Amino acid sequence: MDQKPFSQGLLSSEADSQRTLYPYVTGTSVVALKYKDGILMAADMGGSYGSTLRYKSVERMKSIGKHSLLGASGELSDFQEILRYLDELILYDNMWDDGNSLGPKEVHSYLTRVMYNRRNKFNPLWSSLVLGGVKNGEKYLGMVSMIGVHFEDNHVATGFGNHLARPILREEWHENLSFEDGVKLLEKCMRVLLYRDRSAVNKLQIAKITEEGVTVSQPYSLKTFWGFSAFSNPTVGAEGSW
Amino acid sequence: MTKQQANWSPYDNNGGSCVAIAGADYCVIAADTRMSTGYNILTRECSKITKLADKCMMASSGFQADVKALQKLLAARHLIYQHQHNKQMSCPAMAQLLSNTLYYKRFFPYYSFNVLGGLDSEGKGCVYTYDAVGSYERVGYSSQGSGSTLIMPFLDNQLKSPSPLLLPAQDAVTPLSESEAVDLVKTVFASATERDIYTGDKLEIVVVNAEGIRSEYMDLRKD
């Protein structure tokens, strides 16, 4: 076998060209919070190819087993790969046929291990995952990053959501939010993201998971307001500028 | 053709500080509960302290995924030890195990800065302090993490540990009482929180003594 020249570093031979270098088709933020009956999660339906909005009907939230809901941002093909891993996990869980089923805590733990192990092999799954669910009355909401950093909290967000949505949630979230209040709060976060995140699109889904199960809403869009007087005559006071 | 540059890092610093102080018959281990990345706070309530054995606690800060993986590994090894030897691992034994585990990954380290605290086989407080690749030392007190540069000098001043070079060897454990040591820890974290952006939110204090393990919490500044 040929010796790799020192100058070529980690990414030279054919086998190495299989490693993830950068993401291609990406989804933007996912925002989620715990409310009275379970978890509410929101994500838009955009799949960006760099700065092009290539796909406009991407479902970035999927139900996992009976008790969990997974939302992902980052590379979408890696999200699909993760769904394949989870399919197999849930299948084996069902095959036991022992009346037991994997809860959100277990799925979160599994995802953490998968992401961390891929990071250890220098071939990460380029996704930030949000895992929420309810089992036996206990609500669970956690996050895993592409290098395996994970935690659980009452509200989580990925990507731009960390910068724009988390502060809103820290201020306005409280225990036992009603469903309507939870949705309103999520929509407030998503609206800010829509205004300020370049890769956000105005077509989103909100998913709810409770003890009864998962429901993912139909896609819908948020009302936005652009009627500020400063927008109507932007060059007033500075003629010649734009 | 220019050499390819990496566009992601397998490491991240999730911040936070840890402290441990050994007393005559107790050990205080404390850490804040803030987890950050860059200039963001990810969560305000994430514990950095884990129980490895009945009388042995570990507090770690650094890259959280590595910290958690390390804690899992040590907990698993402790379980095997219990199955094989039908007893709990002593603190000095766990200290050696941690050192070996860290050095095992000498060429792709666990980015984890650890402080081990507990009671030794004689019931005296013991603290072991580590670097990321397993170099360790038994001391009377130590701090690690983002606030350690602020905390350590203050502990040096207050606890006046005798030099390890003295002969005959002098006891490194502090003569302070348990409540005095806990108060010192609270003071130290309140100060570190003022100036270290990665330290704050809440302080978790664990005290190990002959009766067992007890936990205490204190609010820290959230900014």
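A few points about this structure:
- Hits in region A:167-194 - residues which are within 14 Å of chain B (Cβ to nearest Cβ), more than 22 Å from A:S217 (Cβ to Cβ) and not acidic (D, E): A:P167, A:R170
- Residue check, B:A65 within 14 Å of chain A (Cβ to nearest Cβ), small (G, A, S), surrounded by fewer than 20 Cβ atoms within 10 Å (Cβ to Cβ) and over 30 Å from B:D183 (Cα atoms): no
- Scan of region B:1-25 for residues that are out of contact with any Cys (no Cβ under 9 Å at 6 or more places or on another chain) and within 29 Å of B:R195 (Cβ to Cβ), ordered by number: B:S9, B:Y11, B:D12, B:N13, B:G15, B:S17, B:C18, B:V19, B:G23
- Restricting B:D171, B:D223 to those that are closer than 22 Å to B:G15 by Cβ, outside any strand (DSSP E or B) and free of Cβ contacts under 8 Å to residues at least 40 places away in the same chain reduces the list to B:D223.
- Residue selected from region A:182-193 under the condition surrounded by fewer than 20 Cβ atoms within 10 Å (Cβ to Cβ) and in contact with a strand residue (DSSP E or B) (Cβ under 8 Å, 6 or more places away or on another chain), by the criterion farthest from A:T158 (Cα to Cα): A:V183
- Counted as qualifying within region A:73-179 are the strands (runs of 3 or more DSSP E) with 3 or more residues that are among the hydrophobic types (A, V, I, L, M, F, W, C) and under 16 Å from A:G38 (Cβ atoms), namely A:127-135.
- Just so you know, in region A:69-103 the residues that are free of Cβ contacts under 8 Å to residues at least 40 places away in the same chain and closer than 17 Å to A:I209 by Cβ include one that is nearest to the chain's Cα centre (by Cα), and it is A:L83.
- Taking the listed residues A:F231, A:F225, the one that is free of Cβ contacts under 8 Å to residues at least 60 places away in the same chain, in a loop (DSSP other than H, G, I, E, B), surrounded by fewer than 19 Cβ atoms within 10 Å (Cβ to Cβ) and away from chain B (no Cβ under 14 Å) is A:F225, with no other qualifying.
- Unmet requirement for B:C46, which otherwise passes all of (1) surrounded by fewer than 20 Cβ atoms within 10 Å (Cβ to Cβ); (2) closer than 20 Å to B:Y217 by Cβ: (1)
- When residues in region B:140-178 are screened for being touching a strand residue (DSSP E or B) at 6+ places or on another chain (Cβ under 7 Å), of a type in the set (S, T, Y) and at pLDDT 85 or above, 5 of them pass.
- On the stretch given as region B:11-36, residues that are surrounded by fewer than 19 Cβ atoms within 10 Å (Cβ to Cβ) and farther than 15 Å from B:F113 by Cα total 2.
- Index of the failed condition, B:G212 passing every other in (1) at positive phi; (2) in contact with a Leu (Cβ under 9 Å, 6 or more places away or on another chain): (2)
- Looking across region A:91-108 at every residue that is surrounded by 17 or more Cβ atoms within 10 Å (Cβ to Cβ) and out of contact with any helix residue (DSSP H, G or I) (no Cβ under 6 Å at 6 or more places or on another chain), the one that is nearest to the other protein chains (Cβ to nearest Cβ) is identified as A:H108.
- One residue stands out in region B:76-127 among those that are in contact (Cβ under 8 Å) with a residue 40 or more places away in the chain and of a type in the set (S, T, Y): the one that is surrounded by the fewest Cβ atoms within 10 Å (Cβ to Cβ), namely B:Y111.
- Members of region A:151-166 that are within 8 Å of chain B (Cβ to nearest Cβ) and within 9 Å of the chain's Cα centre (by Cα): none
- Qualifying residues in region B:41-62 (those that are of a type in the set (S, T, Y) and over 18 Å from B:P10 (Cβ atoms)) - the one farthest from the other protein chains (Cβ to nearest Cβ): B:T50
- Counting the residues of region B:10-40 that are at the interface with chain A (Cβ under 8 Å from one of its Cβ atoms) and either within 25 Å of B:K160 (Cα to Cα) or not acidic (D, E) (or both) gives 6.
- Looking across region B:174-211, the residues that are touching a residue at least 60 places away in the same chain (Cβ under 8 Å) and over 19 Å from B:S146 (Cα atoms) come down to B:T174, B:P175, B:L176, B:S177, B:E178, B:A181, B:V182, B:V206, B:V207, B:V208, B:N209, B:A210.
- Within region B:15-64, no residue satisfies the criterion of being among the polar types (S, T, N, Q) and at positive phi.
The values are calculated or read from the model by the stated rules, or taken from the named source; none is laboratory data. Bear in mind the structure is a predicted one, so any value in this text is a computation, not a measurement. No Cβ is skipped: glycine too gets one built from the backbone with ideal geometry, and neighbour counts run over all protein chains shown.
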